[in-house]
1. Considering only residues that are over 24 Å from residue 56 (Cβ atoms), more than 14 Å from the chain's Cα centre (by Cα) and part of a strand (DSSP E or B), which ones fall in segment 95-139?
2. Just one of (1) out of contact with any Asp or Glu (no Cβ under 7 Å at 6 or more places or on another chain); (2) more than 14 Å from residue 85 (Cβ to Cβ) trips up residue 106, so point out which.
3. Would you call residue 147 without any contact (Cβ under 8 Å) to a residue 24 or more places away in the chain, open to solvent by 20 Å² or more (accessible area, probe 1.4 Å) and either within 17 Å of the chain's Cα centre (by Cα) or under 21 Å from residue 110 (Cβ atoms) (or both)?
4. When both residues are 6+ apart or on different chains and their Cβ atoms are under 7 Å apart, which pairs have a first residue that lies in segment 39-64 and is closer than 19 Å to residue 165 by Cβ and β-branched (Val, Ile, Thr), and a second that is in a loop (DSSP other than H, G, I, E, B) and at pLDDT 95 or above?
5. Cβ-Cβ below 7 Å, separation at least six or inter-chain, first residue in segment 114-140 and closer than 19 Å to residue 151 by Cα and in contact (Cβ under 8 Å) with a residue 60 or more places away in the chain, second open to solvent by 40 Å² or more (accessible area, probe 1.4 Å) and part of a strand (DSSP E or B): which pairs?
Amino acid sequence: MADPRPGAGAGREEEPRPASEPELAPAPDHGDRRPGPLLILAPLTGTVVPLDRVPDPVFAQRMVGDGAAIEPSDGRVVAPAAGTITALFPTGHALGLRTDDGLELLIHVGIDSAHAGGVFTPRVAVGDRVAAGQPLLEADLARLAAAARSCLSPVLVTNLGELGARVEVVASGGVQAGRNPLLRVLVQG
């Protein structure tokens, strides 16, 4: 935390960010564009799985946000909506996206995948504007399966409380990345 006193810390360099923390960018202000409902496309091709079945209590108990998980059959991850990349974890296993409608999304590829070095190839950087369907990262699924507890990939809306919104999972069975709706976000207005 910065020292709030005038002149405090002047001339000192900021401490480097630990490698385990994501690079963050300030989210742009898009005003109050939140007409409901909002659709979020599947960012991965695979099979939709309820969050309750994700083998990690942080996701299964919706501590970070609400949404669904996908058991990927392809390692390509695409933008589920137009917006700005707000976070990218150093290993590339997870990223944050703020949609143009003000939703904060977290796409987390795999469970206990943060230590799976060399599995992920990011195609974007923090601050990049992306279109729905644009490639975000590539994951080597065979290497991910060997290095992580699970390939299940949660897709979450993390600012539901702030928006007074709720999520409905609109997909079941198989989905194609960038083509099929996964979530509907209903904003109370």
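The values are calculated or read from the model by the stated rules, or taken from the named source; none is laboratory data. From a predicted model like this one, the values you see are computed outputs, not experimental measurements. Methodologically, a virtual Cβ is constructed for each residue, glycine included, from the backbone with ideal geometry; neighbour enumeration extends over all protein chains shown. Heavy atoms of the whole protein, side chains included, go into the accessibility calculation; ligands, DNA and RNA do not. Shrake-Rupley method; radii C 1.70, N 1.55, O 1.52, S 1.80 Å.
1. Scanning segment 95-139 gives a single hit, 129.
2. Status for residue 106: all satisfied but (2).
3. So residue 147 does not fit the description; no.
4. Cβ pairs passing all conditions: 40/80; 40/81; 64/158.
5. What qualifies is 137/121; 137/122; 138/76; 138/121.
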